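**Q** This structure is in structure tokens; I'll ask about it shortly.
The values are calculated or read from the model by the stated rules, or taken from the named source; none is laboratory data. Owing to the predicted nature of the structure, the values given are computational and were not obtained by experimental measurement. Quick reminder, even Gly has a Cβ in these numbers, built from the backbone with ideal geometry, and neighbours come from all protein chains shown. Areas reflect the complete protein model, heavy atoms only, side chains present, ligands, DNA and RNA absent. Shrake-Rupley method; radii C 1.70, N 1.55, O 1.52, S 1.80 Å.
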Amino acid sequence: MIIGYCFICAFLVLINKVCPQVPVEGFIGGSVVLPCSSTKRDLKLQDINVLWRDKGSETVYDIISGKDSVERQNPRYKNRAETFPDEYERGNFSIRLINLNHTDTGEFSCFITHSSYSKQEIVWLFINDSTAVPNKESPKEENQEPGTISILICVCIIIPLIFVFIAVFIIWRIRTQTPCLEGTVANLMPCCTPYVSAASEQPVFSRT
């Protein structure tokens, strides 16, 4: 059972590592929504801080006490990042990044902090070489596609791991329950005890 618990723990850790990372695709010169939302709906906006950071820990956008703040914003994101204030009450703190270029490729982190709650979301932005700009969608519609992709990635990784875990568990159970079935005939001899037949007076082996 110890082996089974170890596999379960490793399985849960892997899920936790893979699922939070959301892939998003953008196009050169286009715009893209980087999703970030809170599952807590009973928090007051004035008590919430949201910090967006890029792969170099540079400030992309800040929402301090429920209000937009660009005082510490990195110059490369000036007039390129925008939020959706009307969505704050719903816990949606996504940002739209416009005029995309190759240097935007990489990891973006969203930190939601509160005195009784904290959350981090990681978004991976991939920039397509094509200059074609897809049709603009609402934040809710654009957030659905990355979420679907993330679920598919998790499913593709989780399902094979489940089969591997089941196979290892079955093999382990078979080996622990049938120790006398392994090895050569010589190894099987200790599992048997001889007795002398009254008719033939020859030793006969019987399994104990």
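**Q** Suppose R0 equals 25 Å; then what is the FRET efficiency for residue 105 and residue 78 from their Cβ-Cβ distance, rounded to the nearest 0.05?
**A** 0.85
**Q** Next up: Which FRET efficiency value, to the nearest 0.05, is calculated for residue 114 and residue 172 with the Förster distance at 41 angstrom and r the Cβ-Cβ distance?
**A** For R0 = 41 Å, the calculated efficiency reads 0.40.
**Q** Can you give me the accessible area per residue for segment 36-128, using a 1.4 Å probe, in Å²?
**A** 54 Å²
**Q** Ignoring any ligand, DNA or RNA, what whole percent of the accessible area of segment 47-99 comes from carbon and sulfur when the probe is 1.4 angstrom?
**A** The nonpolar share, carbon plus sulfur, comes to 42 percent.
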